[in-house]
Amino acid sequence: MMICHCNGLSDKDIHAAMDWMRAADPDTIITPGKVFRALGRKTDCAGCLPLFLETMQKNPNLEVPVLTSVGARRMRQVR
């Protein structure tokens, strides 16, 4: 289903980007902006945002990751 007509993004594009981001970094927080960037696009009119968010919510990879010992170590290294 077409989600963003300005950028030509479908629900499959959004889900594929989210799946790729979670596989690449299990601890990442996935946001609409990160999904657009992962797809090489930028928001335009933002008219799609409600449907975009609804589509994101249907993906199981949207869940906020549990802080694991590896994640805790990463956070300490960044600080």
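The values are calculated or read from the model by the stated rules, or taken from the named source; none is laboratory data. Quick caveat: nothing in here was measured; it's all calculated off a predicted structure. All Cβ positions, glycine included, derive from the backbone under ideal geometry; neighbour counts span all protein chains shown.
General remarks:
- Where a residue in segment 7-27 is without any contact (Cβ under 8 Å) to a residue 24 or more places away in the chain and its partner, wherever it lies, is of a type in the set (Phe, Trp, Tyr) and in a helix (DSSP H, G or I), with Cβ under 6 Å and at least six apart: none
- Residue pairs whose Cβ atoms lie under 8 Å apart, sitting 6 or more positions apart in sequence or on different chains, and linking a residue in segment 30-53 that is touching a residue at least 24 places away in the same chain (Cβ under 8 Å) and surrounded by fewer than 14 Cβ atoms within 10 Å (Cβ to Cβ) to a partner that is charged (D, E, K, R) and not in a loop (DSSP other than H, G, I, E, B), do not occur here.
- Subset of segment 1-33 that is in contact with a helix residue (DSSP H, G or I) (Cβ under 7 Å, 6 or more places away or on another chain) and more than 15 Å from residue 59 (Cα to Cα) - its residue that is modelled with the lowest pLDDT: 27
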